[in-house]
Amino acid sequence: MPLLGCLFEAAYAQNSEQSSGASQTAATITVRSNLVLVPVLVKDKTGEPVVSLNSGDFILTDNGVPQSVQLELDTDSQPMALAVIVETGREGALHLSDYDNLGAVLDAFIGNVSHHIAVIGFDSKPHLEENFTDDTDAAARKVAQLQRGDGGAAILDALDLGIGLLRNQPPAYRRTVLLISETTDDGSETRIEDAIREIDDTNTLIYSFAFSSVKTGVKHEASKIPKQGGSPYMDEPYAPGGCMSKDPNADLDAHGNRSVQALDCASDLLPPLRLARMMFIAASDGLKQNVPKSVARLTGGEYFAFSGANTLRQDLITASHDVPNYYVLSFRPQSPAPGLHALGLSLKEKPRLHCSTRKAYWVDGEAPANTR
């Protein structure tokens, strides 16, 4: 996946690329936009949403560089595409009875807008249980009817499927995930670096509702990526040919992974991109420790820890109060370097308020290579 020296294409989160007649022989028309959308939830010290701010109250940085932002209006009236992703395997099997009669709270979460809902269950593999429907009650019944799965908990694979389905929903729809799972992944084939890319590559808000995992740590070896400290990030120089040499040992920290190698190279050549590399490392560490919390924070969504049906219902109601109160900031980066971009957000002279927002976006030079 080349990250340097390529033409800019907007990150998928804001990708307005559309094609006409893709399945026919007619020419394809491509539209590119570099508008970056940043959803922001602001709460006071009591946990109540703050809705009286304007664009001048926000300080937004892209790889440490301040940006001029605008406030998008009436985004809460847009239709919603919602993927409900529920663990049925491993510890998730013990909580299936907690998901009865969720229709009313799902209605409250969506609000009075047009919507599509899909239901995905997962154990060692994700399964599409209900394709997108506008019938909230039908989706809630499907969630209540989910059956016990096997001993796996492939959270990253389920998110990969859900986000992939959301990509194909109409562009005008807000993309949202409700993830109900334990905290640690067990059995996913999706690599952590690919999961981070997938999560950051979309304008999808993830709301996570998690119960404790008995096991700790991510199981699959493919998910382990370089981390600062210890043997990774050694001080050995790059192999002949420079940091982007095709020698698999050119960048020992990348362990042969070209996308990680390119990100290392970018951060070495362009110091501001070190912020993006630091964010990438923090995100990968978070996914190894608590997947639902990490993905919620990466997207600007919310994380709730629940123990049973009552606390889950209360948390869903809390989330439903927050959904319509997001600000959506937008900015147009000037000549952005291809690769991962770290976003930073703060409020001017309002230290007692807390912001939740997406942490990053990607700029593509060309279609990413399949690194799985």
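The values are calculated or read from the model by the stated rules, or taken from the named source; none is laboratory data. The model shown is predicted, which means the values in this text are computed figures rather than measured ones. Glycine also receives a Cβ, built like all others from the backbone with ideal geometry; neighbour counts cover every protein chain displayed. Keep in mind that these areas ignore ligands, DNA and RNA; they rest on the heavy atoms of the full protein, side chains included. Shrake-Rupley method; radii C 1.70, N 1.55, O 1.52, S 1.80 Å.
What the table below lists for this structure:
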| item | result |
| --- | --- |
| Residue match in the range 148-155 (condition: crowded, with 22+ Cβ neighbours inside 10 Å and either part of a strand (DSSP E or B) or hydroxyl-bearing (Ser, Thr, Tyr) (or both)) | yes |
| Condition met for Gly187 (at pLDDT 50 or above, in contact with a strand residue (DSSP E or B) (Cβ under 9 Å, 6 or more places away or on another chain), open to solvent by 20 Å² or more (accessible area, probe 1.4 Å) and farther than 24 Å from Glu302 by Cα) | yes |
| Every residue from the range 337-346 that is within 11 Å of Val38 (Cα to Cα) and buried (at least 19 other Cβ atoms within 10 Å of the Cβ) | Leu343, Leu345 |
| Test result for Lys288, over 30 Å from Val105 (Cβ atoms) and not in a strand (DSSP E or B) | yes |
| Test for Arg197: is it buried (at least 17 other Cβ atoms within 10 Å of the Cβ) and either of a type outside the set (Gly, Ala, Ser) or at pLDDT 95 or above (or both) | yes |
| Qualifying positions in the range 50-73 - open to solvent by 70 Å² or more (accessible area, probe 1.4 Å), closer than 27 Å to Val363 by Cβ and either in contact with a helix residue (DSSP H, G or I) (Cβ under 7 Å, 6 or more places away or on another chain) or outside any loop (DSSP other than H, G, I, E, B) (or both) | Val65, Pro66, Gln70 |
| Residues satisfying the stated conditions in the range 307-336, i.e. among the hydrophobic types (A, V, I, L, M, F, W, C) and open to solvent by 30 Å² or more (accessible area, probe 1.4 Å) | Ala309, Ile317 |
| Failed item in (1) part of a helix (DSSP H, G or I); (2) modelled with pLDDT under 85; (3) touching a helix residue (DSSP H, G or I) at 6+ places or on another chain (Cβ under 9 Å); (4) not aromatic (Phe, Trp, Tyr), with Ile281 passing the rest | (3) |
| Matching residues, the range 100-135, being in a helix (DSSP H, G or I) and either under 24 Å from the mean Cα position of the chain (by Cα) or surrounded by 19 or more Cβ atoms within 10 Å (Cβ to Cβ) (or both) | Val105, Leu106, Asp107, Ala108, Phe109, Ile110 |
| Of the criteria (1) modelled with pLDDT of 95 or more; (2) of a type in the set (D, E, K, R); (3) open to solvent by 20 Å² or more (accessible area, probe 1.4 Å), which one Asp76 fails | (1) |
| Matching residues, the range 161-172, being under 17 Å from Asn131 (Cα atoms) and either open to solvent by less than 40 Å² (accessible area, probe 1.4 Å) or among the aliphatic types (A, V, I, L, M) (or both) | Leu161, Gly162, Ile163, Gly164, Leu165, Leu166, Gln169 |
| Single match in Asp107, Asp123 (criterion: closer than 20 Å to Phe306 by Cβ and touching a helix residue (DSSP H, G or I) at 6+ places or on another chain (Cβ under 6 Å)) | Asp107 |
| Matching residues in the range 306-322 - criterion: being touching a residue at least 12 places away in the same chain (Cβ under 8 Å), more than 19 Å from Leu345 (Cβ to Cβ) and outside any loop (DSSP other than H, G, I, E, B) | Ala309, Leu312, Arg313, Asp315, Leu316, Ile317, Thr318, Ala319, Ser320, His321 |
| Any hit, the range 299-310, residues being under 19 Å from the mean Cα position of the chain (by Cα) and modelled with pLDDT under 85 | no |
